[in-house]
Amino acid sequence: MFTPKWKKDAKLLAKGALKFIHYKRDLLKPERVDEISSRRQDVLAAIQAGDRSQFDEASKQLRAVCENALPHEKPLTWLEENVEVMFVAIVIALGLRAYYLQPFRIPTGSMMPTLNGIIGKKAPEATWPSLPVRLEQQVLRGRSYVKIINDRERQVRFLNNGRPDLADYQWLHFFSRSLLGFTNSEPLMLPAPVTQMMEIGLAEALQAARANNYILKKGVVLCEGYIDSGDLVLVDKFSYHFRAPRRGEVFVFDTIDIRAIKEQSGSSEPGSHYIKRLCGVPGDALSVSSPCLLNHGKIVQEPGIQRVIQAQGLYAMNPNGYGLALAYPPRPTPRLSKPDDVLELADHAPLGQREYAALGDNTGNSLDSRYWGSVKEFNLVGPALISLWPFVTGTHLEIGAADFFAGHWGVIH
């Protein structure tokens, strides 16, 4: 505490000069390194001698050598600075997405009313609200109004199975769209997945084309109505590295190597990710006695599963609770299609092969483990944490004499 301030400053300067050499050694020329080291020794010598005037002169020379040791770089322009900031932000976002948190769009209605998928409803343009109201709905609840008129004559391409060349498409790996193929023009990108496009008018347009030698005439309305965006949820990709998945939570998994999903869905390729409720963990033996889901013969008690079983409030949209899977020949026989069927989930298994069961809350409209069996441990992505957008999300549900509006923004249960 009795050391003079100039000596403290001198020691800090000598320490800083040494750090400068270490940090910039790859950029400094050898003679510059030697010169900085020499001037640093002068500062240390002044400290040893206790000579303030000697230190003042040595410090000036050391600072001057360090300041001129590297060529002066041209200052970044405002554009270069913003590009650099954006690049760093993108790198951070990609890192978070890869290891910690990932946004996921709900594609279907299999988790209603807990979460909404993409919903399409036919509505004539004359019934649409005013533009300000439509803009408000777009921001708050993700509702977009669409009307597409065929601008020229096109011939629809039909596949060998008699179906039109129409398939779901992920635009920019995030936005759900569909593509309609033609024999005389490029494919047409449509603003929603196949199911929703058929609901808002495309089914009628294709039916008319089939009756007209598969030709879509100019001026035909391909779709007219509105599309409600599926809930955008944030998935926690971190937790399952430190805790076991819990029965009853909503979770996301990929479909890699789940061949039965492809066989049961009848699609050419299984989806990349699914979101369901985790209804069975390793060691469980599940069966269905409608409306109940049983584990080793006892009713499963987790709150999320009980909401489906009890079918109260919004869940009255599915009054039968958990039901048995329905067989659709020639598809493979479902795993839980009869009261005595049991889905046993492997517990003692090689690393990554322990098994889980995934069921949709909207069990009457969900292709899940009742049909295609278990989800392997290596397929798990993580629990769904928060519904991020739309802010006023949900679907107007008419249940008996009562009307409900299911809102989901916030923590997912």
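Where a number appears in this text, it was derived from the coordinates with a stated rule and is not lab data. The structure presented is a predicted model; accordingly, all values stated were derived computationally and were not measured. Heads up, the Cβs are rebuilt from the backbone with ideal geometry, glycines too, and the neighbour counts pull from every protein chain shown.
From the square roots a ≥ b ≥ c of the eigenvalues of the alpha-carbon gyration tensor of the chain, which class results: rounded (a/c under 1.5), prolate (a/b over b/c), or oblate?
Prolate shape, in that a/c is at least 1.5 and a/b is the bigger ratio.
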Fill in: Under 20 Å from the His348 label point (7 Å along Cα→beta-carbon), backbone N, region 355-396
355-356, 377
Discussion item. Run the helix sum for the chain: -39,500 (n - 2.57) per DSSP H stretch of 4+ residues, divided by residue count, reported at 222 nm to the nearest 500 deg cm²/dmol.
Written reply: -9000 deg cm²/dmol
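Could the peptides 53-61, 190-198 be put in order, highest first, of the mean number of other beta-carbon atoms found within 10 Å of their residues? List each step's numbers first, then the result.
Values: 53-61: 15.6, 190-198: 21.9.
By packing density, highest mean first, the sequence is 190-198, 53-61.
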Worksheet item: How far, in nm, would the chain grow between Ser130 and Asn160 when pulled straight, counting 0.36 nm per residue and subtracting the alpha carbon separation?
Response: 6.4 nm
Practice prompt. May I ask you to compute the full-extension gain from Lys262 to Lys15, defined as 0.36 nm times their residue separation minus their alpha-carbon distance, rounded to one decimal in nm?
Written response: 82.4 nm
Fill in: Within straight-line cross-link reach of Lys217, lysines at Cα separation under 27 Å, skipping those fewer than 8 residues along the same chain
Lys121, Lys122, Lys147
Discussion item. Suppose R0 equals 35 Å. What FRET efficiency, 1/(1 + (r/R0)^6) with r the Cβ-Cβ distance, do Leu44 and Ala89 give to the nearest 0.05?
Written reply: 0.20
Discussion item. What's the magnitude of the charge dipole for region 5-67 around its Cα centre, counting Lys and Arg as +1 and Asp and Glu as -1 at the beta-carbon? Answer in Debye, nearest 20.
Written reply: 340 debye
Worksheet item: Is region 5-67 rounded, prolate or oblate when judged by the Cα gyration tensor, a ≥ b ≥ c being the square roots of its eigenvalues, rounded requiring a/c under 1.5 and prolate requiring a/b larger than b/c?
Response: prolate
Worksheet item: So how strong a dipole does the chain carry about its Cα centre when Lys and Arg Cβ are +1 and Asp and Glu Cβ are -1, to the nearest 20 debye?
Response: 580 debye
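Is any helix in the chain, taking whole DSSP H runs, at least 30 angstrom long along its axis by alpha carbon and on average at least 1.0 on the Kyte-Doolittle scale, and which ones?
78-99
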Discussion item. So, R0 is 35 Å and r is the distance between the beta-carbons of Asp51 and Asp26; what FRET efficiency does that work out to, to 0.05?
Written reply: 0.50
Worksheet item: Among Leu294, Leu326, Cys279, whose Cα sits farthest toward the positive end of the charge dipole of the chain (+1 at Cβ of Lys/Arg, -1 at Cβ of Asp/Glu, about the Cα centre)?
Response: Cys279
Item to complete: First measure r as the distance between the Cβ atoms of Phe175 and Glu81, then evaluate 1/(1 + (r/R0)^6) with R0 = 41 Å and state the FRET efficiency to the nearest 0.05.
Response: 0.85
